[in-house]
Amino acid sequence: MEAVETASRSTSRSLRRVGILYDERMCRHHTPDDEPHPENPNRIRAIWNKLQSAGISQRCEVLSAKEAEDKYILSVHGKSHVDLIRNISSQQYNSRRNRIASKLNSIYLNEGSSEAAYLAAGSVIEVAKRVAKGELDSAFAIVRPPGHHAEHDEAMGFCLFNNVAIATNFLLNEKELGINKILIVDWDVHHGNGTQKTFWKDPRVLFFSVHRHEFGSFYPSNDDGDYTMIGEGPGAGYNINVPWENGRCGDADYLAVWDHILIPVAKQFNPDMILISAGFDAAVGDPLGGCCVTPYGYAMLLRKLMDFARGKIVLALEGGYNLASISNSALACMEVLLDEKIVTGSTEAYPFESTWRVIQVVRQELKAFWSVLADEVPTKLISQKAPIPKILISSCDSEAEDVEELLQEVIRPLSTLRVDEDCRVLAESASVSWRSDLSNIDIWYATFGSNMWKPRFLFYIEGGQVDGMQKLCSGSMDKRPPKEILWKIFPHRLFFGRESTRTWGLGGVAFLHPESKNEDIVHMCLYRITLEQFNDVLHQENISSYDMSSPLFDLTSLDCVKEKGSINLEAVKKGWYHNVVYLGMERDIPILTMTCDLSDIENFKSGKVPLHAPSEDYANTLVKGLVEGGQLSEEEAVSYIKEAATKPL
Ligand code: Q9C
Ligand code: ZN
């Protein structure tokens with residue numbers, strides 16, 4: 001049998017040039033008497049310290065801040081506003097500063113505000129310029145004050161200058177940079193009203209914002225963030241708002257919006273560069289946001305954007321008010337920019353019903369501009385939704401703030417993603433050690449079912465949604481493809497049982513008789529993956545609620561299975577593939593498969609559980625696997641499956 005080498009991507013990882021910008025001078029902007037305020041200097045300090053202690057900044061190009069030139073700021077703001085922000089920190093304003101701030105919406109000002117505002121805007125310009133020129137692949141500007149609420153003539157919502165809008169205009173105006181189309185993704189939990197207004201009629205800038213809206217009651221509390229706001233004139237269709245109807249949105253909601261709105265549109269728009277208004281106030285634990293995006297969620301959202309603009313992405317910090325949440329979220333994003341594998345839990349919760357509704361109305365509103373949005377979202381997807389917590393049905397949503405934090409943790413099982421007071425992902429810390437232990441050990445995962453078809457199997461590694469699979473696959477945490485693939489024949493019996501499954505509907509599930517018998521043969525596709533990945537496949541194949549804080553199948557199990565031939569996994573005993581069977585060694589690496597156990601075989605034999613031929617879809621997938629794998633001709637594959645489906649056990 002032939003071994004097929006598959007490409008490995010591991011060598012490029014340290015070669016990515018990632019910029020990171022931090023400057024202590026931006027901490028000099030704070031409340032006049034240092035009264036407590038969510039938008040305080042410790043935010044950027046916490047992020048910076050976290051990235052340093054995690055060894056991230058050491059692997060990046062560290063840049064320091066530069067003040068923006070007025071001419072660039074004036075591309076977004078009016079002269080009077082720029083004059084005000086330039087002078088507000090000077091002594092002449094000492095007696096008036098607080099009064100001026102109090103007339104603005106959610107703004108404080110002090111002696112450090114002017115410099116910080118100029119540095120924040122200049123810093124985003126600086127990193128954006130370097131990424132545009134190709135000196136850096138991507139970058140993160142850890143700036144404050146934030147910017148996305150700041151409008152032409154108005155500071156508001158903790159924002160003085162609109163940093164991202166200023167940098168965007170800079171890129172577009174410097175013609176020799178060759179940046180003609182920019183996608184701005186604003187994932188701050190608040191609507192980016194200032195950015196929206198700046199590019200309202202500008203088709204060179206596609207502004208996308210997902211935010212809590214609650215029909216105009218969430219800050220900034222007007223209709224600007226509604227889905228009907230799509231831009232105007234030549235800019236019509238180039239403004240996309242995704243307004244949440246409720247809080248508590250999490251990874252599943254954001255990923256659904258990415259998959260069904262942002263990513264298809266980004267593909268069609270084909271930006272030259274992406275700027276992210278990267279507020280982390282939709283993060284789980286944020287005191288203002290009331291949403292629950294995990295670090296893993298942010299990493300996924302970012303990773304999905306890396307496929308565009310040749311990876312030219314700039315993140316600029318906006319909001320985010322829980323120091324631990326924003327630090328962990330920023331860390332997860334940096335790992336993506338550095339092309340590290342994502343090490344955290346999987347998301348198994350479904351989007352809210354309201355999320356699907358919002359996705360549908362946004363697509364409806366924008367389909368005239370983006371043909372990729374024209375199709376209906378499949379009903380089988382929409383039917384996968386999270387239940388609304390009972391407590392909220394009886395009380396008004398907005399009055400439920402007190403229970404909200406509790407609900408975030410309790411109602412929607414974010415599978416592994418429990419968070420402690422310090423907002424560390426608990427399951428992560430518990431699982432991280434077994435994961436790193438098992439990530440160095442290779443096994444052959446031998447499959448006889450639909451996983452023989454490689455694209456199908458890859459969903460269990462890379463995550464995503466395969467046709468015919470109703471559920472979003474979380475994939476393995478280690479998304480590296482199998483290192484090798486080979487085929488072998490084993491003396492085991494293949495058969496099909498059960499009437500119906502979630503994935504394939506009516507039809508069989510392929511099983512392998514755990515005991516070998518010389519007259520039987522089964523074709524198996526062997527994927528060389530790590531024991532960590534094997535655990536994630538076991539988990540997904542058995543659709544269990546087991547939280548993976550410890551492995552289903554560890555080194556002790558491996559020793560045990562080698563000795564006994566098979567091992568039953570208690571934690572997933574309700575799944576159909578709870579029995580791991582050892583099939584021998586191949587080049588010193590153990591071969592493992594998963595199937596039912598002998599008591600299941602008895603139930604099949606007695607008719608207690610029916611045998612059943614595979615559905616057409618399912619059989620076709622098996623045939624495709626065998627044919628594309630070069631094992632059998634189509635004709636041979638069809639009769640091989642037919643025999644397995646009809647021969648009595
Ligand atoms: N009742 C950013 O996240 N909240 N700004 C005011 C008044 C203001 C948030 C509440 C929230 C501003 C960048
Ligand atoms: Zn915000």
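The values are calculated or read from the model by the stated rules, or taken from the named source; none is laboratory data. What you see is a predicted model; the values in this text were computed from it and never measured. Positions of Cβ are backbone-derived with ideal geometry, glycine not excepted, and every protein chain shown enters the neighbour counts. In case anyone asks, the SASA skips ligands and DNA or RNA and just uses the protein heavy atoms, side chains included. Shrake-Rupley method; radii C 1.70, N 1.55, O 1.52, S 1.80 Å.
From the list 178, 235, 250, which residue is away from ligand 1 (no atom under 16 Å from the Cβ), small (Gly, Ala, Ser) and closer than 21 Å to residue 311 by Cβ?
Answer to the selection: 178.
Among the residues that make up the stretch 103-113, is at least one of them in contact with a strand residue (DSSP E or B) (Cβ under 7 Å, 6 or more places away or on another chain) and either open to solvent by less than 10 Å² (accessible area, probe 1.4 Å) or among the hydrophobic types (A, V, I, L, M, F, W, C) (or both)?
yes
Of the conditions (1) over 19 Å from residue 290 (Cα atoms); (2) surrounded by 20 or more Cβ atoms within 10 Å (Cβ to Cβ); (3) within 16 Å of ligand 1 (Cβ to nearest atom), residue 183 clears all except one; give me its number.
All conditions pass for residue 183, except number (3).
Within the group 201, 197, which residue is within 16 Å of ligand 1 (Cβ to nearest atom), among the basic types (Lys, Arg), under 24 Å from residue 121 (Cα atoms) and open to solvent by 10 Å² or more (accessible area, probe 1.4 Å)?
Sole residue among the options that is within 16 Å of ligand 1 (Cβ to nearest atom), among the basic types (Lys, Arg), under 24 Å from residue 121 (Cα atoms) and open to solvent by 10 Å² or more (accessible area, probe 1.4 Å): 197.
Find the residue count for the stretch 32-56, including only residues that are open to solvent by 10 Å² or more (accessible area, probe 1.4 Å) and either away from ligand 2 (no atom under 16 Å from the Cβ) or free of Cβ contacts under 8 Å to residues at least 40 places away in the same chain (or both).
Residues meeting the conditions: 17.
Looking at the stretch 127-168, which of the residues that are closer than 21 Å to residue 309 by Cβ and either modelled with pLDDT under 95 or out of contact with any strand residue (DSSP E or B) (no Cβ under 9 Å at 6 or more places or on another chain) (or both) is nearest to ligand 2 (Cβ to nearest atom)?
Per the stated criteria, the residue is 166.
Please count how many residues of the stretch 355-369 are out of contact with any helix residue (DSSP H, G or I) (no Cβ under 6 Å at 6 or more places or on another chain) and open to solvent by 20 Å² or more (accessible area, probe 1.4 Å).
7
If a residue has to be open to solvent by 10 Å² or more (accessible area, probe 1.4 Å) and under 21 Å from residue 106 (Cβ atoms) to count, how many in the stretch 124-152 make the cut?
Matching residues across the stretch 124-152 total 2.
Restricting to the stretch 319-337, and then to whatever is assigned to a helix (DSSP H, G or I) and within 16 Å of ligand 1 (Cβ to nearest atom), can you tell me which residue is surrounded by the fewest Cβ atoms within 10 Å (Cβ to Cβ)?
Across the stretch 319-337, the extreme among qualifying residues is 323.
Considering each residue of the stretch 184-206, count those that are in contact with a Phe, Trp or Tyr (Cβ under 6 Å, 6 or more places away or on another chain) and either in a strand (DSSP E or B) or away from ligand 2 (no atom under 13 Å from the Cβ) (or both), and give that number.
7
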